[in-house]
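Nothing in this text is a laboratory measurement; each read-out follows from the coordinates by a stated rule. Remember, predicted model here, so these are calculated numbers, not experimental data. As a convention, Cβ positions derive from the backbone with ideal geometry for all residues, glycine included, and neighbour counts pool all protein chains shown.
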Amino acid sequence: MPRRIGAWLVGARGGLATTTLVGARAIARGRASLEHLPLERPPYTALQLMPVADIVFGGCDLRQGSLVEAGLEIAAVNRSLDPRLVDDLRDDLTAIDADIGTGIGANFGRAIEALVGRDVVVAAMRPTLRERIATVEAALDAFVARHRLDDVVVVNLASTEPPLELDDDHRSLARLDALLDRSDEPKVRSSLLYAYAAVSRGHPFVNFTPSNAAVVPAILELAARRGAPIAGSDGKTGETLVKTALAPMFRDRALRVLSWQGYNILGDRDGRILSDSENLSAKVRSKDQSLASILGYRPHSHVGIDFVPSLDDLKTAWDHIHFEGFLGHRMTMQFIWQGCDSILAAPLVLDLIRLADVAHRRGEAGPMRHTASFFKSPIGCDQHDFHAQIAMLQAYAAAASAAGGSRA
Ligand SMILES: NC(=O)c1ccc[n+]([C@@H]2O[C@H](COP(=O)([O-])OP(=O)(O)OC[C@H]3O[C@@H](n4cnc5c(N)ncnc54)[C@H](O)[C@@H]3O)[C@@H](O)[C@H]2O)c1
């Protein structure tokens with residue numbers, strides 16, 4: 001019997017999740033090719049990744065409506081999905097809808113509350129923290145039972161939360177358990193509850209968002225105990241991808257970067273959430289750390305992110321790099337990146353689901369360091385240089401191949 005793997009998406013009717021689901025089902029129906037999935041080529045074929053078409057999808061959201069509606073909205077507003085394709089996949093998407101439940105949450109912050117509505121937030125915050133975790137665990141168990149799954153990868157694709165200030169209560173599992181027992185609402189956010197539920201059931205967890213509450217040290221401790229692989233945080237799909245590919249060039253040509261200014265403008269729901277200063281700080285923290293790590297010194301730098309509604313998902317970044325060469329001569333490089341966010345991110349989500357499955361099959365637990373190239377803030381890994389991160393992934397594939405495919 002081939003293994004049956006599920007992917008349970010938190011924020012399943014969001015822009016990125018909907019694009020991922022339409023893409024996966026389009027591949028399954030022979031309506032889209034695999035060529036833009038980074039791992040569909042050697043040496044990664046040695047990993048024996050499960051076919052995209054075989055992944056069973058479910059999840060939860062606070063947003064009402066159907067996946068077809070969400071897909072048609074993206075098609076109309078953003079034009080990154082073909083409305084005829086969404087329509088042709090109607091049966092598949094409706095079947096996935098049946099496996100999308102209502103989400104839970106905690107300590108949402110004002111931007112997410114404004115996005116989803118006060119009533120929805122209040123309903124998602126009942127009853128205690130423990131009971132909310134139990135609700136997610138029960139949903140995961142039911143998903144496994146309904147589809148006779150061997151494993152489920154839980155992927156956080158929900159709205160960016162304001163950062164959670166961490167203290168000793170988040171640094172050990174015993175302390176985290178105690179705060180959950182007393183339902184200490186201000187000390188958690190929704191993503192922490194989802195991560196706890198996934199990992200406590202021994203399922204792999206992927207945090208594609210910048211929300212830092214998802215993977216606090218106590219969650220890593222729980223993951224080590226339950227044998228759950230973890231990957232994150234914050235998908236590296238646009239400006240930071242270019243930055244971490246370019247910065248090594250300046251370093252390796254002994255060109256000293258004097259300043260690196262980056263300005264991002266974006267629309268859609270993600271942009272609206274990030275237009276709130278609370279939530280924005282989570283993203284800027286995540287985007288701003290790579291330069292010093294790659295260059296070995298901290299140049300003057302700035303990351304700006306502004307909400308421009310009409311751009312929708314077409315995120316635009318302008319980066320201005322001022323640098324110094326031989327004899328102190330000063331020069332400039334500028335680039336403009338115009339990327340469709342969800343189109344860039346969806347193939348990474350599909351590959352991460354498959355990598356998490358491989359890691360679990362190989363008996364790995366805790367941070368999946370070999371996935372660093374997928375993230376702006378790789379968990380358990382200080383390497384930000386994109387080329388070095390890709391070398392780590394290739395080394396992982398080579399080791400898997402030497403061990404006889406993806407089975408350790
Ligand atoms: N290139 C990319 O698209 C990219 C790259 C890096 C990170 N991300 C991150 O991925 C996330 C999703 O991006 P998006 O563009 O799809 O955003 P989106 O706003 O379209 O979707 C987010 C979804 O999460 C839902 N949600 C919010 N709180 C929830 C909760 N507690 N439980 C269940 N559902 C909840 C919302 O209702 C919404 O449907 C964001 O955090 C974004 O920063 C995206």
Exercise. Please order Met50, Met368 by the number of other Cβ within 10 Å, starting at the fewest.
Key: Met50, Met368
Quiz item: So what is the relative contact order of the stretch 11-85, in percent, for Cα pairs below 8 Å that sit 6 or more residues apart?
Solution: 43 percent
Quiz prompt | Ascending count of other beta-carbon atoms within 10 Å, so fewest first, for Thr371, Thr237, Thr332 | solution = Thr332, Thr237, Thr371
Self-check item: Top of Arg13, Arg25, Arg361 by mean-square fluctuation, Gaussian network on the chain, Cα under 10 Å
Solution: Arg361
Self-check item: Number of Lys pairs (Cα under 15 Å; 8 or more positions apart or on different chains) in the chain
Solution: 10
Quiz item: Using the 10 angstrom Cβ neighbour count as an exposure proxy, how do His387, His322 rank, fewest first?
Solution: His387, His322
Exercise. Determine the distance separating the Cα centre of the stretch 96-136 from the Cα centre of the stretch 8-71; give it in Å without decimals.
Key: 23 Å
Quiz prompt | Computed [θ] at 222 nm, helices only, for the chain once each DSSP H run of length n ≥ 4 contributes -39500 (n - 2.57) | solution = -13500 deg cm²/dmol
Quiz item: For helix 341-361, what angle does its Cα long axis make with the longest principal axis of the chain, in degrees from 0 to 90 and rounded to 10?
Solution: 60 degrees
Quiz item: Within the chain, what percent of beta bridges assigned by DSSP are antiparallel, to the nearest 5?
Solution: 40 percent
Quiz item: Modelled label-to-label distance, Asp181 and Arg3, 7 Å Cα→beta-carbon offset: nm?
Solution: 3.5 nm
